[in-house]
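To start, the structure under review is shown below, and the notes come after it.
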Amino acid sequence: MSRRPLALALALAAACGGSEAFKLTADDNSPDRLEAAFARMGAPRTGPMNASGRPMAYLVARAPRPELVAFDLADKKERWRVPARVTSKVVVGADFIAYTEADKDLVARDPASGAVLWQSGLSARFIGAAADGERLFYTTGGGSRWVLTAATGRTGKELWTADSPGALGAPAARGGLVFSPFVKQWLAVLDARTGDALTRVRGIDEEITFVRATGSNVFFGSRAGVFLLDRRAASGKRAQSTYGNATLPREFVRIHYGFDAFDPVQATYSAYDRNRILWNAHREGRALRFDGGRVVVHTYRFFFGFDAATGGLAWAYSHPRNDVIGSAHLGSAIAFCSSAGQLGAIDPATGARIYQAKVQGQIAGVTFDADGWAPVEKPEPPQPTATVLAAIARDPDARFEDVKKFAVAALAHQGSHQVTGDLIVIIQSESTPPALYEAAVESLVARRDPESLPVLVAALDMQPDFLKGAQPRSVGVLARAIGSLGKAELDPAQRGRAVDALIGHLRAPETSAADLEGVVSALGAIGAGAEIAPLRRFVLMYRADPTFSNQVGAVGAAIDVLVTRGGPAERELVSYVSEDPRSQGSVRDYASRALLQTTTRPGGKKH
Amino acid sequence: MSYRSVRSLSLVLALVVSTTAFAQGKKKPARPQPAGQVGEAQKALVGADLDAATRAAALLGKDRSQAGLDALLDALALGLHPQVAVAALDALAARKKPAALDTLVAYSEHRNPKVRAGAVSALAAIDDRRTEKHILAALHDGHVSVRAAGAAAVAARKLKAGIDPLMLLLVKGDEATAPALAALADPELAKNVAETIGKAPDALVARCLGGILARPDFKPDSARVEVVRALGRIEAQEALEQLTTYVSSVPKNPPRQSRKEAEQLIQLKLGGGGK
């Protein structure tokens, strides 16, 4: 955490004062006060916030005209659609919804009809809002004056305000309590009815940049991890709190466990909604556990289910064509909506799609009020993870190179033999970007799957032919992948086919010098003796060729194979090459070194 | 090709692997050294002086002794600088010995296209049907000079199996196909060549048709007339040149319909109108 802005904020707070909740002198990190605050909290809520109890989605349409749409997820029906220029996320209370329009007005509507209940001008920049039952809480401010305001959701009547000289983040609310992050150092807990300061938690090990209330829990934390707001949270320390974080790949995941409460952009529907971690958690003993041991990464069109403990990929889901502009973890489903208005839900355990519906219009943002909703549609069987990963890797959308690299790397660990073919397609495609190509090559070589040998051989079997327009691609890579199977037990017939294909490329003049080295090494790895004769010929034929004078490359690799896998006859051949003046100097030197680095025991065994 | 079947290479390798003293660089000769000029050439061929080795190879090509042939085959089997290898292959082409077949096949796959082309030309010189598949394979080579050597070999050997690949190469615009197809053409093939107008480069088709007309053995005149008319359909300047060459190469008498039509077409083309 950056200390300088914090020090400045603290200095301002000390100098200017503020409401009781946002002073420096409060009694922080008191387990008893925290316990007392919890005692005021209402019973856990198990369903949606809205009074009807229906699972709802509130969708913000940008085209063909700016509209706000209320959609009943269970009935798959629009409840209403009204013109609205929504500029913030929609928050949902029991009997109202609220949002900002044109960044200057706070607007509340009737959730049943969409009719405007009230509208009020904002006097400062909107930071974020939360709703709980009949009350709306919102934060505005900037510079040295920040205000948390409570209002009645149906009427807009102001109930109380709490001023702060230091930055306040977007609040959360649950069961009669309001939770407000304060200068990224504290989480202030206030009475929702009166605004009275009840207690505060001061983060000691890490800053507090988000707070999130679900029906049954309140979580807070930062990029680093998640604290459950319970009695133990009063320690302010990870080790003594109910705290957890997930193991996630860092290549493409923007790791943050909640929307940054201090970033006004994240109070709007933005790219942050398309690139986030979805999770639910609970206490297990003294530990925080992610529900199902799972966290889900949503990144634009893709969802990945990870084992929270190991970071292992459990499943992948690719949404066709359109970006998914918003998503939410509802407990037993991950709900989402695409920019084309396709609503969906995924089983967080399997990645199977378990719901689909459609709303009209170009959708820019969505708020789900559907906690605990479990779609009852017949689920589509989830596609095999390897299939989804391969499709992601081949996706023509050029924006997602990091995701594709991750998909390719993850493919290497998938058991399906089809994966090898998928990786080969990526490698051989002319449209594959260089970085993705490299990742696919690494994955292919890392697989070391003996069952894939027929696929590799089939890909390698093509020989160059000008007349037919046949130009083998990625010969060196395929050879490396075959060579990586050198220590595996291989079907003798398949091994023979592989050796024949490799010898074909060794002899083909079209094989590039770079590929040739891989071919020679692969022959050495799996040749089982059949490689010796062609490699002897190769060394003799090219030892005097100036093509190999600067870079001995394949000739050197062939010499290595001959001295390590051949017998006395091959050592004599290499010895001849090392001494004959017609051999290129670099080849002579290489042959001499190769002989020196290997000695022969009686009986011809090298060591 | 199986490397193990390369006679001379196996022979030399047998020497290399079985004669430790040779492998260690001691000058223990594997065969009785021939005396005189061939002996000197043999030494030069395996020496470090590239130009001397190149001259030696040329000399051994003119020699008719078995020792000279063995010297060339052994040198190629042990590996030569490409410049020397080309000269050695040219020498083998001059010797036209089936004994060189396996070595030539091995070198027809060399990474250096000049070497490959030399090997193909040498294969073409050997009167042995086993060379044919290797000559035909050269038509599939990625390098134009090797395909040209293959095309010339197909023409020289009158290999009918080479006609289809040559036709494909004609459409792809390979220059060497024009003289090769012209050499192979009968009236039917000439008709097929004419049908590539609009698919193959105009100038190349014109040269091929002109080459056919230039062959005294291409008959009857009705077939020549068809070729002339095909040239008339080609707008490229090359067609006019080929027609002009044909007219000037054929005497007025006895009169030939093909010559007469060629003259008319020339007039038409010079007048600015083409058919």
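The values are calculated or read from the model by the stated rules, or taken from the named source; none is laboratory data. Computed from a predicted structure; not experimentally measured. As a convention, Cβ positions derive from the backbone with ideal geometry for all residues, glycine included, and neighbour counts pool all protein chains shown.
Just a few scattered comments:
- Considering (1) more than 25 Å from A:GLY567 (Cα to Cα); (2) modelled with pLDDT of 90 or more; (3) within 28 Å of the chain's Cα centre (by Cα); (4) within 14 Å of chain A (Cβ to nearest Cβ), the lone condition that B:LEU101 does not fulfil carries the number (4).
- Matching residues, region A:572-587, being in contact with a helix residue (DSSP H, G or I) (Cβ under 6 Å, 6 or more places away or on another chain) and free of Cβ contacts under 8 Å to residues at least 40 places away in the same chain: A:GLU572, A:LEU573, A:VAL574, A:SER575, A:TYR576, A:VAL577, A:SER578
- Inspection of region A:562-570 identifies no residue that is facing chain B (nearest Cβ under 8 Å), free of Cβ contacts under 8 Å to residues at least 24 places away in the same chain and closer than 25 Å to A:ALA479 by Cβ.
- Positions within region A:380-416 being surrounded by 17 or more Cβ atoms within 10 Å (Cβ to Cβ) and basic (Lys, Arg), in sequence order: A:ARG394, A:LYS404, A:LYS405
- When residues in region B:138-165 are screened for being within 11 Å of chain A (Cβ to nearest Cβ), in a helix (DSSP H, G or I) and buried (at least 18 other Cβ atoms within 10 Å of the Cβ), 5 of them pass.
- Residues being assigned to a helix (DSSP H, G or I) and either within 14 Å of chain B (Cβ to nearest Cβ) or not aliphatic (A, V, I, L, M) (or both) - total across region A:432-471: 10
- Candidate set from region A:553-599 (those that are under 20 Å from A:GLU531 (Cα atoms) and polar (S, T, N, Q)); member that is modelled with the lowest pLDDT: A:THR598
- The one condition in (1) assigned to a loop (DSSP other than H, G, I, E, B); (2) crowded, with 17+ Cβ neighbours inside 10 Å; (3) aliphatic (A, V, I, L, M) that A:VAL296 fails to fulfil: (1)
- Test: residue in region A:278-290 that is polar (S, T, N, Q) and over 28 Å from A:GLY361 (Cβ atoms): yes
- B:LYS252 vs. criteria modelled with pLDDT under 95, outside any helix (DSSP H, G or I) and either under 26 Å from the mean Cα position of the chain (by Cα) or more than 14 Å from chain A (Cβ to nearest Cβ) (or both): yes
- Counted residues, region A:30-56 - those being of a type in the set (A, V, I, L, M), within 30 Å of A:LEU73 (Cβ to Cβ) and in contact with a strand residue (DSSP E or B) (Cβ under 9 Å, 6 or more places away or on another chain): 3
- Identity of the residue in region A:431-476, among the acidic types (Asp, Glu) and within 28 Å of B:ALA138 (Cα to Cα), that ends up surrounded by the fewest Cβ atoms within 10 Å (Cβ to Cβ): A:ASP461
- Screening the candidates A:SER592, A:SER578 for the property of being more than 8 Å from chain B (Cβ to nearest Cβ), under 22 Å from B:LEU50 (Cα atoms) and in contact with a Ser or Thr (Cβ under 9 Å, 6 or more places away or on another chain) yields one hit, A:SER578.
- Scanning region B:72-95 for residues that are of a type in the set (Asp, Glu) and either under 19 Å from the mean Cα position of the chain (by Cα) or facing chain A (nearest Cβ under 9 Å) (or both) turns up just one, B:ASP90.
- A:GLY166 buried (at least 24 other Cβ atoms within 10 Å of the Cβ) and in contact with a helix residue (DSSP H, G or I) (Cβ under 9 Å, 6 or more places away or on another chain): yes
- If the condition is being more than 19 Å from A:HIS298 (Cβ to Cβ) and among the β-branched types (Val, Ile, Thr), then region A:387-435 contributes A:THR387, A:VAL408, A:VAL419, A:THR420, A:ILE424, A:VAL425, A:ILE426, A:ILE427, A:THR432.
- Close Cβ contacts (under 7 Å, 6 or more residues apart or on different chains) running from residues in region A:330-352 that are part of a loop (DSSP other than H, G, I, E, B) to residues that are basic (Lys, Arg) comprise A:GLY341/A:LYS358; A:PRO348/A:ARG294; A:ALA349/A:ARG294.
- Residues in region A:169-183 that are on the phi > 0 side of the Ramachandran plot and surrounded by fewer than 24 Cβ atoms within 10 Å (Cβ to Cβ): A:GLY175, A:GLY176.
- In region A:486-507, residue nearest to B:VAL115 (Cα to Cα) [restricted to those that are buried (at least 19 other Cβ atoms within 10 Å of the Cβ) and hydrophobic (A, V, I, L, M, F, W, C)]: A:LEU506
- Residue check, B:ARG116 within 13 Å of the chain's Cα centre (by Cα) and of a type outside the set (Gly, Ala, Ser): yes
- Those helices (runs of 4 or more DSSP H) of region B:6-70 in which at least 1 residues are within 14 Å of chain A (Cβ to nearest Cβ) and modelled with pLDDT under 50, considering only elements entirely within it, cover B:7-18, B:20-23.
- Any strands (runs of 3 or more DSSP E) falling wholly within region A:187-293 and containing at least 3 residues that are among the basic types (Lys, Arg) and at pLDDT below 95: none
- Scanning region A:363-405 for residues that are touching a Pro at 6+ places or on another chain (Cβ under 6 Å) and either farther than 30 Å from A:LYS89 by Cβ or hydrophobic (A, V, I, L, M, F, W, C) (or both) yields A:ALA370, A:TRP373.
- If you filter region A:59-80 down to residues that are in contact with a strand residue (DSSP E or B) (Cβ under 9 Å, 6 or more places away or on another chain) and acidic (Asp, Glu), you find that the one that is nearest to A:THR100 (Cα to Cα) is A:GLU67.
- Residues (in contact with a Phe, Trp or Tyr (Cβ under 7 Å, 6 or more places away or on another chain) and assigned to a loop (DSSP other than H, G, I, E, B)) located in region A:400-426: A:PHE400
- Within region A:243-253, being free of Cβ contacts under 8 Å to residues at least 40 places away in the same chain and closer than 25 Å to A:PHE182 by Cα holds for one residue alone: A:ASN245.
Each row is one residue, and each column tells you yes or no for (1) basic (Lys, Arg); (2) more than 21 Å from A:THR268 (Cβ to Cβ).
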| residue | (1), (2) |
| --- | --- |
| A:VAL116 | no, no |
| A:LEU122 | no, no |
| A:GLY141 | no, no |
| A:SER144 | no, yes |
| A:LYS157 | yes, yes |
| A:SER180 | no, no |
| A:LEU187 | no, yes |
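- Search result, residues across region A:74-95 that are farther than 20 Å from A:THR268 by Cβ and either in a loop (DSSP other than H, G, I, E, B) or among the hydroxyl-bearing types (Ser, Thr, Tyr) (or both): A:ALA74, A:ASP75, A:LYS76, A:ALA94, A:ASP95
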